[in-house]
Amino acid sequence: MRDAAQTRLEAWKAQGFDFQACPVRQVLDHVAAKWTSLILLELENGPQRFNALGRALPDISKRMLTQSLRDLERDGLVRREVFDTKPPSVSYSLTDLGASFLTPLHGLIDWASEAMPVISEARLVFDDN
């Protein structure tokens, strides 16, 4: 597995790969943030209003939820829809791109769930040394 990763990196470097413009880094800057995956998973169930997302994620501040949703909207993963009501209401939903991200996200969740006992044990061993 490691040889394949090194081979890919070496191939990228040979093509003049720019680490600052790395698409993986650019995507992970946002989607690997603390709240992003949880927001996307909440929106997997369908469109939600801001306060419903806040209730579903009680530890997130309104400021952080707002910023996270803006980042996701900017990246094209989330759609913000404003309804002409009094007062105006806003709904957030996944775009097709956001929905397509759920497949690798679910894979990461499965991997983390399976690997967590090994990771926990490794942490205990490390901390004991």
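Take the solvent-accessible surface of the protein heavy atoms, probe 1.4 Å, and return the percent of it on the chain that carbon and sulfur atoms account for.
Carbon and sulfur atoms account for 55 percent of the accessible area of the chain.
What lysines does Lys62 reach when the alpha-carbon gap must be under 28 Å and sequence neighbours fewer than 8 apart in one chain are set aside?
Cα-Cα hits under 28 Å: Lys34, Lys86.
Between Pro104, Pro58, Pro87, where does the largest GNM mean-square fluctuation fall for the chain, given springs only between Cα atoms within less than 10 Å?
Pro87
Would you mind getting the accessible area per residue of region 1-75, heavy atoms of the protein chains only, 1.4 Å probe, in Å²?
75 Å²
At R0 = 41 Å, how high is the FRET efficiency between Thr95 and Ala122 if r is their beta carbon distance? Nearest 0.05 is fine.
Plugging the Cβ-Cβ distance into 1/(1 + (r/R0)^6) gives 0.65.
Once Lys and Arg get +1 and Asp and Glu get -1 on their Cβ, which of Leu43, Ala115, Phe17 lies farthest toward the positive end of the dipole of region 9-128?
Selected residue: Leu43.
Taking 7 Å along the Cα-to-C-beta vector as the label spot, tell me the Asn51-Asp29 distance in nanometres, rounded to one decimal.
3.4 nm
At Ser61 and Ala14, where each label point lies 7 Å from the Cα along Cα→Cβ, what is the point-to-point distance in nanometres?
Using points 7 Å along Cα→Cβ, the separation is 4.9 nm.
The values are calculated or read from the model by the stated rules, or taken from the named source; none is laboratory data. Only a predicted model underlies this, so the values are computations on that prediction, with no experimental measurement involved. Positions of Cβ are generated from backbone atoms using ideal geometry, with glycine treated the same way; all protein chains shown enter the neighbour counts. When the accessible area is computed, the model is the full protein with side chains, heavy atoms only, and any ligands, DNA or RNA have been set aside. Shrake-Rupley method; radii C 1.70, N 1.55, O 1.52, S 1.80 Å.
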